[in-house]
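Below is one structure, written out as structure tokens; the observations come after it.
The values are calculated or read from the model by the stated rules, or taken from the named source; none is laboratory data. What you are looking at is a predicted structure, and each value in this text was computed from that prediction instead of being measured. Cβ coordinates were reconstructed from backbone atoms using ideal geometry, including for glycine residues, and neighbour counts include every protein chain displayed. Just so you know, the surface numbers come from the protein's heavy atoms only, side chains and all, with ligands and any DNA or RNA stripped out. Shrake-Rupley method; radii C 1.70, N 1.55, O 1.52, S 1.80 Å.
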Amino acid sequence: MKVIKICIGSACHIKGSYEVIEIFKELIEEYKLQDKIELCASFCLGKCSNEVSVMRWDEKILYISKENARQMFENEFIPYL
Ligand code: FES
């Protein structure tokens, strides 16, 4: 199981953590990845930026907004499974 940690710290919360979580949940269902990917909420990842910080498999932080969430999921997560 690979883990995606989505920051819900205050800075990321304001930038739309919950929307990103909802979009990722839908994408996981759409691509039938429920057995492969687990979504977790995380406290501040220490990289508050202009977008929501999302940790890919404990290896890399990516910066995601609700506008780019689908594209990032398809390009930065699915190929790295
Ligand atoms: S609040 Fe999300 S990285 Fe700091």
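State whether the residues of the stretch 3-17 include one that is open to solvent by 80 Å² or more (accessible area, probe 1.4 Å) and among the charged types (D, E, K, R). Looking for residues that are open to solvent by 80 Å² or more (accessible area, probe 1.4 Å) and among the charged types (D, E, K, R), one finds none in the stretch 3-17, hence no. Taken over the stretch 38-81, the criterion of being more than 11 Å from the chain's Cα centre (by Cα) and among the β-branched types (V, I, T) is satisfied by I78 alone.
In the stretch 62-71 there is at least one residue that is open to solvent by less than 90 Å² (accessible area, probe 1.4 Å) and closer than 11 Å to K5 by Cα. Note on the stretch 1-56: residues that are of a type in the set (G, A, S) and either at pLDDT below 95 or within 19 Å of P79 (Cβ to Cβ) (or both) total 1.
May I ask you to verify whether I23 is within 9 Å of the ligand (Cβ to nearest atom), within 21 Å of L81 (Cβ to Cβ) and out of contact with any Gly (no Cβ under 8 Å at 6 or more places or on another chain)? No, not satisfied.
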